[in-house]
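Colleague: Quick one: the structure is below, questions incoming.
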Amino acid sequence: MPTSFVLIPGAGGSAWFWHRVVPLLIASGADAIAVELPAADDAADLNTYADVVCRAVSDVTGPLVVVGQSMGAFTAPIVATRVPTSALVLVNPMVPTVGESPGAWWTATGQAAARSAYFSRIGLGDRAFDPVEDFFHDVPAAIRAEAFSQPEPQQSDTPFERVWPLTCWPDVPTRVVQGTDDRLFPLEFQRRVVRERLGIDVEAMPGGHLMALSHPEELAALLLGSITVS
């Protein structure tokens with residue numbers, strides 16, 4: 001029975017984010033489900049997002065790998081407590097901890113200082129984060145153009161304001177895949193946060209924050225590795 005991957009996007013909730021990874025997983029014999037989240041809905045919180053993901057995998061009977069990108073790392077472990085899950089894979093994640101909301105995560109982890117120090121180290125100076133340039137700096141021009149042709153993502157503040165509902169991390173094998181060129185969550189910052197919160201090391205690969213768009217082959221290969229480690 002093939003392994004299924006359910007792919008949870010980050011803020012904005014667009015399943016399109018995974019469109020370069022899905023066919024690579026399927027071509028390797030796995031099933032892949034990219035989930036569209038109701039990100040613009042002010043009534044939807046993290047539990048709502050988990051409900052949507054669980055409905056998307058309701059027909060899965062074989063091994064399931066739950067993948068969360070960025071803010072999707074707040075939703076992925078909730079899903080793992082509700083449906084049988086072989087492995088969790090977090091990609092450039094916001095790794096939550098008990099009693100924390102996604103909105104509080106930024107200050108709690110020291111992200112702003114880490115991002116600023118990283119910018120200085122790579123020669124970008126003290127400028128502010130530019131969502132276009134710093135998210136898409138390593139995305140091929142054709143994919144970047146396609147991304148900008150999509151409806152502009154809308155993200156409600158509601159899930160950022162609500163505390164993560166779990167009281168502990170689920171007892172599921174967990175991996176963290178981190179881009180070495182992520183300008184939002186620099187690698188050394190992520191190594192510290194992941195070690196503090198999950199007690200594991202990150203698996204580094206080339207790419208910025210949007211690796212599913214910029215390095216889909218490498219990311220798909222790492223995801224497929226979860227079939228053997230789960």
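The values are calculated or read from the model by the stated rules, or taken from the named source; none is laboratory data. In this text, all values refer to a predicted model and were calculated from it rather than measured experimentally. Cβ placement follows ideal geometry from the backbone for every residue including glycine, while neighbour counts extend to all protein chains displayed.
Colleague: Could you grab me the full set of residues in the stretch 102-133 that are in a helix (DSSP H, G or I) and hydrophobic (A, V, I, L, M, F, W, C)?
Modeller: Selection gives 104, 105, 106, 108, 112, 113, 114, 117, 119, 132.
Colleague: Give the residues of the stretch 134-164 that are surrounded by fewer than 15 Cβ atoms within 10 Å (Cβ to Cβ) and in a loop (DSSP other than H, G, I, E, B), sorted by residue number.
Modeller: Listed by number, the residues that qualify are 140, 150, 151, 152, 154, 157.
Colleague: Of all residues being among the aromatic types (Phe, Trp, Tyr) and under 26 Å from residue 223 (Cβ atoms) in the stretch 88-133, which is surrounded by the fewest Cβ atoms within 10 Å (Cβ to Cβ)? Just the residue, please. Before you say what the answer is, go through the steps one by one.
Modeller: So in the stretch 88-133, the residues among the aromatic types (Phe, Trp, Tyr) come out as 105-106, 118-119, 129.
Pick out the ones that are also under 26 Å from residue 223 (Cβ atoms) and you get 105, 118.
Numbers: 105: 20, 118: 18.
Across the stretch 88-133, the extreme among qualifying residues is 118.
Colleague: Among 130, 134, 157, which is in contact with a His (Cβ under 8 Å, 6 or more places away or on another chain) and under 28 Å from residue 19 (Cα atoms)?
Modeller: Working: 130 fails: in contact with a His (Cβ under 8 Å, 6 or more places away or on another chain); 157 fails: in contact with a His (Cβ under 8 Å, 6 or more places away or on another chain).
Exactly one residue qualifies, and that residue is 134.
Colleague: Which pairs do you get when a residue that is farther than 17 Å from residue 157 by Cα and at pLDDT 95 or above, found in the stretch 98-123, comes within reach of a residue that is β-branched (Val, Ile, Thr) and surrounded by 13 or more Cβ atoms within 10 Å (Cβ to Cβ), reach meaning Cβ atoms under 7 angstrom, with the pair 6+ apart or on two chains?
Modeller: 99/163; 109/193
Colleague: Considering only residues of the stretch 1-29 that are hydrophobic (A, V, I, L, M, F, W, C), outside any helix (DSSP H, G or I) and in contact with a strand residue (DSSP E or B) (Cβ under 8 Å, 6 or more places away or on another chain), which is surrounded by the most Cβ atoms within 10 Å (Cβ to Cβ)?
Modeller: Pass one, the stretch 1-29, residues hydrophobic (A, V, I, L, M, F, W, C): 1, 5-8, 11, 15-18, 21-22, 24-27.
Narrowing the set further to residues that are outside any helix (DSSP H, G or I) leaves 1, 5-8, 11, 21.
Filter once more, keeping what is in contact with a strand residue (DSSP E or B) (Cβ under 8 Å, 6 or more places away or on another chain): 5-8, 21.
Numbers: 5: 29, 6: 23, 7: 28, 8: 31, 21: 25.
Looking at residues that are hydrophobic (A, V, I, L, M, F, W, C), outside any helix (DSSP H, G or I) and in contact with a strand residue (DSSP E or B) (Cβ under 8 Å, 6 or more places away or on another chain), I get 8.
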